[in-house]
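Peer 1: Just dropping this structure here.
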Amino acid sequence: MRQRIKAVETIKKITHAMRLISMSANTRLRSKKEALENYHQEVSNLFGSIQPQFYDWQHKKLFALESKNTTPLVILVGSQKGLCGTFNVSLFSYFEKNIHRKYHGNAHFITIGKKASDYIQEHHGSVIMRFSKFSSVTLPDIVEQIINYILQPKSDYANILMISNHSKSFFVQHPTLKQLIPFLIPKTSFIEQREPYMWEQSPYETLTTIAETLLKITLYDTLLESLVAEQSARFIAMDNSTRNASNLLDTMHLEYNKTRQAKITRELTDLMSSFQ
């Protein structure tokens, strides 16, 4: 019983430490996300003030104008590590329901996070790109490689989808499906232009650059949101584990004291009976 109590106490210390680490990581990631959202809004507003003036502007890759490939490219974003409750289980269930059944397994995959990479490798075969190391440190490189792959001349996808977890609140995370291509022009980003622009290069080239930047920011923002949701889910899981360990310790201490007291009472009874 003593060994069991010590083991539970050790587990409690570990889960408590992981809970604190998750909260710290979540706070740090949220501060980055706020700055990214402001930048995203500014670029979106800039695009919205220019694009309505050039309705004939098009982007072959972003709007899939010349694509004849009906096979979708699916970017699945899971967690790097476990111990985060139903974070990955709900994600994979959502994927099976909305992607695998819809396209009957006919899809190409880019996986981000070890859990997502292992899941697709085991259940759906090989992947085009696999990023097993997923953290805030590797995030910029992952985004750069995926954008380069999407925009390269050989890439020919009419539909690119992204499945990841989103934090509805700190305590609630749920899977979401986001469409990257065909590119969706922001509807709420239009700002009336008060002064005419002085173009140093073609406005069509400028729109192309801004649109590709918006795609990159959207990808970056979605991945960062997944990291935030992962840390929130891990905090909740570790917090529940810590509470369960505390409740179990209370029960075990009570049982230990009862057993100890019963043993003492029995020994006293035997001792007293020996003198009679």
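Peer 1: Could you give the size of the charge dipole of segment 39-143 about its Cα centre, using +1 on the Cβ of each K and R and -1 on the Cβ of each D and E, expressed in debye and rounded to the nearest 20?
Peer 2: That gives segment 39-143 a dipole magnitude of about 300 debye.
Peer 1: For T209 and H253, calculate 0.36 nm times their separation in residues minus their Cα-Cα distance, and state this gained length in nm to one decimal.
Peer 2: Numbers: separation 44, 0.36 × 44 = 15.84 nm, distance 6.54 nm.
The span from T209 to H253 would gain 9.3 nm if fully extended.
Peer 1: In this model, which of K61/K114; K6/K32; K13/K216; K6/K263 are farther than 32 Å apart at the alpha-carbon?
Peer 2: As for pairs spanning more than 32 Å Cα to Cα, those are K6/K32; K13/K216.
Peer 1: Right, here's the next one. Step through the residues of segment 157-172 one at a time and calculate ³J(HN,Hα) from phi using the Karplus curve (6.51 cos²θ - 1.76 cosθ + 1.60, θ = phi - 60°), rounding each to whole Hz and writing x for Gly and Pro.
Peer 2: Result, rounded to whole Hz: 10, 7, 8, 10, 10, 9, 10, 7, 8, 10, 8, 5, 8, 4, 9, 10.
Peer 1: For segment 10-22, just list the computed ³J(HN,Hα) in residue order, Karplus coefficients 6.51, -1.76 and 1.60, θ = phi - 60°, integers in Hz, with x standing in for Gly and Pro.
Peer 2: Going residue by residue, I get 5, 4, 4, 5, 5, 5, 5, 5, 5, 5, 5, 5, 5 Hz, with x marking Gly and Pro.
Peer 1: Can you compute the FRET efficiency between L65 and N244 using 1/(1 + (r/R0)^6), with r the Cβ-Cβ distance and R0 = 51 Å? Round to the nearest 0.05.
Peer 2: Numbers: r = 55 Å, r/R0 = 1.09.
Calculated transfer efficiency: 0.40.
Peer 1: Please state the charge dipole magnitude for the chain, taken about the Cα centre, from unit charges on C-beta atoms (+1 on K and R, -1 on D and E), reported in debye and rounded to the nearest 20. Numbers along the way, then the final one.
Peer 2: On the way: 33 positive and 25 negative charges, 297 e Å.
For the chain, the charge dipole is close to 1420 debye.
Peer 1: Size of the dipole of segment 1-65 about the Cα centre, Lys and Arg at +1 and Asp and Glu at -1 on the beta carbon, nothing else charged, in debye to 20?
Peer 2: Working: 12 positive and 5 negative charges, 188 e Å.
That gives segment 1-65 a dipole magnitude of about 900 debye.
Peer 1: Suppose R0 equals 35 Å. What FRET efficiency, 1/(1 + (r/R0)^6) with r the Cβ-Cβ distance, do D118 and Q58 give to the nearest 0.05?
Peer 2: Computed FRET efficiency for D118 and Q58: 0.35.
Peer 1: Also, quick follow-up: Return the calculated 222 nm mean residue ellipticity for the chain, to the nearest 500 deg cm²/dmol, obtained by summing -39500 (n - 2.57) across DSSP H runs with n ≥ 4 and dividing by the residue count. Show your work: numbers first, answer last.
Peer 2: On the way: 5 runs with 153 residues, N = 276.
For the chain, the value works out to -20000 deg cm²/dmol.
Peer 1: Next question, about the same structure. Apply the Karplus curve 6.51 cos²θ - 1.76 cosθ + 1.60, θ = phi - 60°, to the phi angles in segment 134-143 and return the couplings in whole Hz, x for Gly and Pro.
Peer 2: Each residue's phi maps through the Karplus curve to give 10, 7, 5, 6, 8, 4, x, 5, 4, 4 Hz.
Peer 1: Let me ask another. Among 221-234, 44-57, 152-165, what's the highest-first ranking by average C-beta atoms within 10 angstrom per residue?
Peer 2: 221-234, 152-165, 44-57
Peer 1: Within a Cβ distance under 14 Å of V74, other residues only, what is the Lys/Arg minus Asp/Glu net charge?
Peer 2: Result for the local shell: +4.
Peer 1: Subtract the Cα-Cα distance of D141 and Y197 from 0.36 nm times their separation in residues, and report this length gain in nm to one decimal.
Peer 2: Details: separation 56, 0.36 × 56 = 20.16 nm, distance 3.34 nm.
That works out to 16.8 nm of additional length.
Peer 1: So what's the net charge close to Y94: Lys and Arg +1, Asp and Glu -1, counting the other residues with Cβ under 13 Å from its Cβ?
Peer 2: Numbers: positive: K97, R101, K102, K178; negative: E96.
Summing Lys/Arg as +1 and Asp/Glu as -1 gives +3.
Peer 1: Take every DSSP beta bridge with both residues inside the chain and express the antiparallel ones as a percent of the total, to the nearest 5. If you can, show how the numbers build up before the last one.
Peer 2: Details: 9 of 21 bridges.
If I count the DSSP bridges inside the chain, around 45 percent turn out antiparallel.
Peer 1: Within straight cross-link reach of K68, meaning Cα distance under 17 Å, which aspartates and glutamates are found once same-chain residues fewer than 8 apart are removed?
Peer 2: Correct list for K68: D156.
Peer 1: Another question, if that's okay. Which is farthest toward the positive dipole end of the chain among A35, L248, A116, measuring Cα position about the Cα centre, with Cβ charges +1 (Lys, Arg) and -1 (Asp, Glu)?
Peer 2: The Cα lying farthest towards the positive end belongs to L248.
Peer 1: Long-range amide H contacts for Y157: which residues qualify at under 5 Å (H placed 1.01 Å from N, peptide plane, sequence gap of 5 or more or a different chain)?
Peer 2: Under 5 Å from the amide H of Y157 lies no amide H from a residue far enough along the sequence or on another chain.
Peer 1: Can you check what the net charge comes to around M1, using other residues whose Cβ is under 13 Å from the Cβ of M1 (Lys, Arg +1; Asp, Glu -1)?
Peer 2: Value of the local net charge: +4.
Peer 1: Suppose R0 equals 30 Å. What FRET efficiency, 1/(1 + (r/R0)^6) with r the Cβ-Cβ distance, do I14 and H174 give to the nearest 0.05?
Peer 2: Efficiency for this residue pair is about 0.60.
Peer 1: Measure off 7 Å from each Cα along the Cα-to-Cβ vector at E37 and V89, then give the distance between these two points in nanometres to one decimal.
Peer 2: The answer from the label model is 3.0 nm.
Readers should treat all values here as calculations from the given coordinates under stated rules, not as data from a laboratory. These numbers were taken from a predicted model, which means no experiment stands behind them. Every residue, glycine as well, gets a Cβ built from its backbone with ideal geometry; the counts of neighbours run over all protein chains shown.
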